[in-house]
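Asks: This is the structure, below, for whatever I ask next.
Rule-based calculations on the coordinates, nothing more; no lab input. Please read all numbers here as calculations on a predicted model, not as lab measurements. In this analysis, Cβ positions are derived from the backbone assuming ideal geometry, glycine residues included, and neighbour counts consider all displayed protein chains.
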């Protein structure tokens, strides 16, 4: 009895071993593939990232921090933050609206709409800049002369508001801009181009997420007398918060780092229309390598923070879907 | 007529408002500006258009852009398959960090990637110094364009394959092993066919991204006309010379190529979904 049990046990253990041998890769395969994969990732990802910091600190810590005393670098940082502060919320509102319409309702043309929302990802960044030059540039559909005529009435009103004591700091800049509006080779063009290249990020995260969650909870809220906004804020928002955050992180990273599209519409005026990535280019082309890599290291840090936050959100999200499943 | 009309009543509010805003924003930011490129192009005479998009310098830019993008997407398909397999099937210390690092090309600004890659692959760089004595130039030559495009396209194949490999049914591998197949036969005849659709999708995504890439390439390529001048750079050059018609004509060629790729990718994803649901 005990002998046969032992034989049975040993027989079953050989089957397990055999099946493990044939459903898992041999150790030398595992080692070779892991080595090849890691070598590839080291060469193409880890080395470039490390080299940014190595080049930035090549002439010491003092030279590194000297780069951030440059007023043009600070102006570039301010412009990058301003652009991001407009582009990300704009695409956030759009993303939530698009996801609500697409995920909560049935209508014809839905798949066309989803494809059109993804369109900016298929367009070269350079073309993203070009199309705004075609519209707002000197030979465009809405050239500077037309912009001036268009904004003239508003310019007068805003100027009057800005002249009220105490409101000048808030409306002065807007009044100045409206009096001599400039879109291409100015901040509005940079903002528009940034909005274009980051257009799909939030929407494409939210649409599949909200589709998978269905409408039952929202139906219940509406039936119990909640308003549309209350339903969104108290029911939908908590359900989509991680997807929302994920979209915002990616949108933010791209908005701060965009180069091609912004380069076409910027005009490269130092201290005025240079974002951080454009400032990196200028310093680099002037052979100020330490300065260029120092500013670049700031953007590389942004990338690292983005990757960390992204991993945290993925982890939180997988946890929340696991608990929701029970 | 009935496009974008709600097909069934729902008790949920906000359909008109959210869809209306979506369509307005989409039109203002994306559709009208893109159509501007095509309308501008249609204003050109046919012979003028053909001349603008087939000039020798433009043709040379297509060659390097399409050639290097194709080669980079191919290398990404091969190594992306290995990386995706290693990251889903094996365990090793630091795997989480490596997995997060795969998305670096999405998070690192392209200009930063461009100057970093140039620093590594130029003649005094960490890697370039080993090639330069043998007469192999990477930065400021064709291989530089290829290197930058591999970097840019790297996450696409890995991220398309990973969920598919995770969802592979172990029963199929067990059945194949039980029926006497060797591991190599199982990999080749049972697993690999299931990975073909996502592999091609990832390839197409990486190719499409590489085709339009500008920021990382301009630093490392040296931008020599007829040799390492990519098509997006040529558009910028024409714009800087105020040759709006020329820039727009080339842009419309690139746009059509991107749209065709987008269509192919959509079809591939449908195929992939159906294939893996069976």
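Asks: What value does the range A:259-307 have for Rg/Rh, both radii from Cα atoms and Rh as Kirkwood defines it?
Replies: Using only Cα positions, Rg/Rh for the range A:259-307 is 1.00.
Asks: Report the extension gain between residue A:111 and residue A:78 in nm, rounded to one decimal, defined as 0.36 nm multiplied by the number of residues separating them, less their alpha carbon distance.
Replies: 8.0 nm
Asks: Across peptide B:79-89, how many C-beta atoms of other chains are within 10 Å of each residue C-beta, on average?
Replies: Neighbouring Cβ atoms belonging to other protein chains average 5 per residue here.
Asks: Run lengths n ≥ 4 of DSSP H only: what is the helix-derived mean residue ellipticity at 222 nm for chain A, with -39500 (n - 2.57) per run over all residues, to the nearest 500?
Replies: -25500 deg cm²/dmol
Asks: Just round it to a whole percent: the fraction of Cα-Cα distances in the range A:43-160 exceeding 26 Å.
Replies: Percent of Cα pairs beyond 26 Å in the range A:43-160: 58.
Asks: Continuing with the same structure: For a protection proxy built on the mean count of beta-carbon atoms within 10 angstrom, sort A:124-130, A:239-245, B:201-207 highest first, please.
Replies: Per-residue Cβ counts within 10 Å, averaged per peptide and sorted highest first, yield A:124-130, B:201-207, A:239-245.
Asks: A further question follows. What does the extension gain come out to for residue B:256 and residue B:38, with contour length at 0.36 nm per residue minus their alpha carbon separation?
Replies: Gain in length upon complete extension: 77.5 nm.
Asks: What is the mean number of Cβ atoms from other protein chains located within 10 Å of the Cβ atom of each residue in peptide B:33-45, rounded to a whole number?
Replies: Mean shielding by partner chains, rounded to a whole number: 4.
Asks: State, to one decimal in nm, how far the label point of residue A:320 lies from the label point of residue B:63, with both points 7 Å from Cα in the Cβ direction.
Replies: Here the modelled spin labels are 5.3 nm apart.
Asks: From the helices alone, meaning DSSP H stretches of at least four residues, give me the mean residue ellipticity at 222 nm for chain B, per-run term -39500 (n - 2.57), in deg cm²/dmol to the nearest 500.
Replies: -23500 deg cm²/dmol
Asks: Can you tell me the FRET efficiency between residue B:10 and residue B:166 if r is taken as the Cβ-Cβ distance and R0 is 30 Å, rounded to the nearest 0.05?
Replies: The formula returns an efficiency of 0.30 here.
Asks: Could you work out, residue by residue across B:96-102, how many beta carbons of other chains sit within 10 Å of that residue's beta carbon, and then give the average as an integer?
Replies: Across B:96-102, the average partner-chain Cβ count within 10 Å equals 5.
Asks: Let me check the size of the range A:106-217 from its C-alpha atoms; what are the radius of gyration and Dmax in Å?
Replies: 19.6, 54
Asks: Still on this model: Compute the distance from the alpha-carbon center of the range A:128-144 to that of the range B:27-90, in whole Å.
Replies: Cα centroid of the range A:128-144 versus Cα centroid of the range B:27-90: 22 Å apart.
Asks: Along its three principal axes, how long is the range B:4-74 when you only count alpha carbons? Whole Å, largest extent first please.
Replies: That gives 60, 38, 20 Å along the principal axes, largest extent first.
Asks: Take residue A:286 and residue A:35, extend 7 Å from each Cα along the Cα→Cβ direction, and tell me the distance between the two endpoints in nm.
Replies: So the two model labels end up 4.8 nm from each other.
Asks: Rounded to whole Å and ordered largest first, report the semi-axes of the equivalent ellipsoid of the range B:165-224 derived from its Cα gyration tensor (root of 5λ).
Replies: So the three semi-axes of the range B:165-224 are 40, 11, 8 Å.
Asks: Kindly provide the Kirkwood hydrodynamic radius of the range A:88-130 in Å, to one decimal, from all pairs of distinct alpha carbon atoms.
Replies: Mean inverse Cα-Cα distance, inverted, gives 11.8 Å.
Asks: Sorting check: for B:75-87, B:160-172, which peptide has the highest mean count of neighbouring beta carbons within 10 Å, and how do the rest follow?
Replies: B:75-87, B:160-172
Asks: What translational diffusion coefficient, to the nearest whole µm²/s, does the range B:59-172 have by Stokes-Einstein, given a Kirkwood radius computed over alpha-carbon pairs, a temperature of 37 °C and 0.692 mPa s viscosity?
Replies: 208
Asks: Using a Förster radius of 60 Å, what is the FRET efficiency between residue A:145 and residue B:91 based on their Cβ-Cβ separation? Nearest 0.05, please.
Replies: My answer for the efficiency is 0.40.
Asks: Here's something else I'd like to know. What span do the alpha-carbon atoms of chain B cover on each of the three principal axes, reported in whole Å from largest to smallest?
Replies: So the three principal-axis extents are 72, 68, 33 Å.
Asks: Based on the mean of other beta carbon atoms within 10 Å per residue, what is the order of A:54-66, A:36-48, most packed first?
Replies: Ranking, from highest mean packing down: A:36-48, A:54-66.
Asks: Give the average over all directions of the projected area of the C-alpha convex hull of the range A:142-182, one decimal, in nm².
Replies: Projected over every direction and averaged, the Cα hull of the range A:142-182 covers 2.5 nm².
Asks: Between Rg and the Kirkwood Rh of chain A, both from Cα atoms, what is the Rg to Rh ratio?
Replies: My calculation of the ratio gives 1.12.
Asks: Quick one: angle between helix A:71-104 and the longest Cα principal axis of chain A, in degrees between 0 and 90, rounded to 10, please.
Replies: 60
Asks: Rg and Dmax of the protein assembly as shown, using alpha carbons, in Å: what are they?
Replies: 26.7, 102
Asks: Please give the FRET efficiency for residue B:136 paired with residue A:216, using the beta carbon to beta carbon distance and R0 = 56 Å, rounded to the nearest 0.05.
Replies: Once rounded, the FRET efficiency stands at 0.35.
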